[in-house]
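Below you'll find the structure, written out as structure tokens, and then a few comments.
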Amino acid sequence: MQVIQLFKALLSASLIICTATIANAASSEQHPSISDTAYSPAQCNKLLRVNRLHTYSSRYIMAKQFKLLTWNIYKAKNRDLFTDLSNLNEQVDLIFLQEAIEEPRLVKLKPYQRFSPGYKSGDTQTGVMTLSRWPATAHCTLTHEEPWLRTPKATNITEYAVSGNVRLLSVNMHGINFTLGTKAYKKQLQDSLNVMMRHHGPIIFAGDLNAWSDARQQLIINSLTKLGLTEARYLDDKRTKTFGFALDQIWTRGVSISKISVKQYESSDHNPILVTLEISEQEY
């Protein structure tokens, strides 16, 4: 009788372990789409749609108030770049880098990072990198070609879970630069817009937009304001400018800005922007 009871107990424990294993395999943390990367607006929208059906454990839930750094780091060529970036990293939760490189000192800044490759020179791969205190629930890489140089420019899209089943969509873009007209630039922007317009929640759109002409700037303004995004305002604007237009910009929807500053550094040809944000409770 004792043997039978022991066998039943072992069987019951095995069933519990098996059930838990199946449940975990079906949970969002084990879902393969979390580690997938989409490479077109259509694929990205599909990936985001699938991932939004899942719930996430507490380690995925980002704080509603957080600090963001966006910076074109000039391929980390200049002396003191890593020292400056490391100091800034201590002040923020989310980092958008343009002209980033796949280098251990960058990757280790935050627990989680997503990289979208762009221009490559020799063995050095550059691109846009988004680093965060929380894991992203989805990742999309959109790549476009510079018309003159025939080199790629990347856009990095990541989505994060917020409490209340809210999703924050972040778009980290390095804009096409060397072209006279806006055709290629508009196509790059439109691919991101095709993802943002299907997102019913807060959005951050930022990076080195290379909006150095009136035509480019009006394209950015007209496109983003139609989706309800507003540009951050600066009391002391030390952003890097070309032809009088600021290259680095931050646009948000459903995310309020309480503090923003532009730091001056010699370690890059761009100045970094630091901003304190809070996700609102509004519906879309």
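Run Tyr56 past the list (1) modelled with pLDDT of 95 or more; (2) open to solvent by less than 50 Å² (accessible area, probe 1.4 Å); (3) part of a loop (DSSP other than H, G, I, E, B) and report the number of the one that doesn't hold.
(1) is the only condition that Tyr56 fails.
From the list Thr155, Thr151, Thr230, Thr240, which residue is farther than 27 Å from Ser57 by Cβ, polar (S, T, N, Q) and open to solvent by 50 Å² or more (accessible area, probe 1.4 Å)?
Thr230
One line per residue, one yes/no per condition, for (1) outside any strand (DSSP E or B); (2) more than 12 Å from the chain's Cα centre (by Cα); (3) of a type in the set (A, V, I, L, M):
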| residue | (1), (2), (3) |
| --- | --- |
| Trp148 | yes, yes, no |
| Asn156 | no, no, no |
| Tyr160 | no, no, no |
| Gly164 | yes, yes, no |
| Asn177 | yes, yes, no |
| Leu180 | yes, yes, yes |
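In contact with a Gly (Cβ under 9 Å, 6 or more places away or on another chain) and surrounded by 15 or more Cβ atoms within 10 Å (Cβ to Cβ): is that true of Asn45 in this structure?
Numbers: in contact with a Gly (Cβ under 9 Å, 6 or more places away or on another chain): no; surrounded by 15 or more Cβ atoms within 10 Å (Cβ to Cβ): yes.
Against the criterion (in contact with a Gly (Cβ under 9 Å, 6 or more places away or on another chain) and surrounded by 15 or more Cβ atoms within 10 Å (Cβ to Cβ)), Asn45 does not qualify.
One line per residue, one yes/no per condition, for (1) of a type outside the set (Val, Ile, Thr); (2) under 20 Å from Gln65 (Cβ atoms); (3) open to solvent by 10 Å² or more (accessible area, probe 1.4 Å):
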site	(1), (2), (3)
Asp123	yes, no, yes
Val128	no, no, no
Ser170	yes, yes, no
Met173	yes, no, no
Leu180	yes, no, yes
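Among the candidates Leu193, Leu219, single out the residue that is surrounded by fewer than 21 Cβ atoms within 10 Å (Cβ to Cβ), in a helix (DSSP H, G or I), within 15 Å of the chain's Cα centre (by Cα) and at pLDDT 95 or above. Break it down stepwise before answering.
On the way: Leu219 fails: within 15 Å of the chain's Cα centre (by Cα).
The conditions single out Leu193.
Inspect the range 232-247 for any residue being assigned to a strand (DSSP E or B), of a type in the set (Gly, Ala, Ser) and either closer than 22 Å to Leu97 by Cα or within 16 Å of the chain's Cα centre (by Cα) (or both) and give the result as yes or no. It would help to see each step written out before you state the result.
Quick first cut of the range 232-247, residues assigned to a strand (DSSP E or B) only: 241-242, 245-246.
Then drop every residue that is not of a type in the set (Gly, Ala, Ser), which leaves 246.
From what is left, the residues that are either closer than 22 Å to Leu97 by Cα or within 16 Å of the chain's Cα centre (by Cα) (or both) are 246.
Checking the range 232-247: at least one residue is assigned to a strand (DSSP E or B), of a type in the set (Gly, Ala, Ser) and either closer than 22 Å to Leu97 by Cα or within 16 Å of the chain's Cα centre (by Cα) (or both).
Is it fair to say Val92 is under 15 Å from Val275 (Cα atoms) and open to solvent by less than 60 Å² (accessible area, probe 1.4 Å)?
Judged against the criteria, Val92 is a match.
The values are calculated or read from the model by the stated rules, or taken from the named source; none is laboratory data. Keep in mind that this is a model prediction, so the values were computed, not measured. Cβ atoms come from the backbone with ideal geometry, glycine included; neighbour counts cover every protein chain shown. In case anyone asks, the SASA skips ligands and DNA or RNA and just uses the protein heavy atoms, side chains included. Shrake-Rupley method; radii C 1.70, N 1.55, O 1.52, S 1.80 Å.
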